[in-house]
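Shown next, in structure tokens, is the structure this report addresses.
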Amino acid sequence: VALANIATKEGAKLLILGDMLELGQWSEAEHCRILKLAADIVGVDIVLVGENFRKAAHSLAIDAICCKDSTEAIDYLTQSHISNTTILLKGSRGIALEKLIDCL
């Protein structure tokens, strides 16, 4: 639903998606499914945080910035100077994406 909502927004869009750690045996399929939905959004940039999304991006050949953890994502986002952008920040609590808020 969050992806469908951001798809309706005008202007620049940024998705910051962190691994979904609670999926167990469905992890690979669900990371790929969510990433396919995200990649279909027009005018979106994607930042992925975690190994599961990195693997999904690689297997699907989707253009995204892949960060190993929230610290690496902060380094990337701090250099990006984001403004006038609708941002979706979503991931498991264990990925600690709340650390990114101050740099956005």
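The values are calculated or read from the model by the stated rules, or taken from the named source; none is laboratory data. Just so it is clear, the structure is predicted and the values come from calculations on it, not from any experiment. Virtual Cβ from ideal backbone geometry, glycine too; neighbours counted across all protein chains shown. To get the accessible areas, we keep the full protein, side chains included, count just its heavy atoms, and leave off ligands, DNA and RNA. Shrake-Rupley method; radii C 1.70, N 1.55, O 1.52, S 1.80 Å.
Things to note:
- If you check Leu23, Leu89, Leu15, Leu48 for being hydrophobic (A, V, I, L, M, F, W, C) and modelled with pLDDT under 95, only one passes: Leu23.
- Number of residues in segment 38-59 that are farther than 21 Å from Leu77 by Cβ and surrounded by 14 or more Cβ atoms within 10 Å (Cβ to Cβ): the value is 1.
- Scope segment 5-55; condition β-branched (Val, Ile, Thr), under 12 Å from Gly91 (Cβ atoms) and touching a residue at least 40 places away in the same chain (Cβ under 8 Å); matching residues: Ile16, Val49
- Matching residues, segment 13-33, being of a type outside the set (Asp, Glu), out of contact with any helix residue (DSSP H, G or I) (no Cβ under 8 Å at 6 or more places or on another chain) and open to solvent by 50 Å² or more (accessible area, probe 1.4 Å): Gly24, Gln25, Trp26, Ala29, Arg33
- Scanning segment 91-103 for residues that are surrounded by fewer than 17 Cβ atoms within 10 Å (Cβ to Cβ) and either under 28 Å from Leu23 (Cα atoms) or free of Cβ contacts under 8 Å to residues at least 12 places away in the same chain (or both) turns up Ser92, Arg93, Gly94, Ala96, Glu98, Lys99, Ile101, Asp102.
- Segment 68-84, residues that are in contact with a Gly (Cβ under 8 Å, 6 or more places away or on another chain) and surrounded by 14 or more Cβ atoms within 10 Å (Cβ to Cβ): Asp69, Ser70
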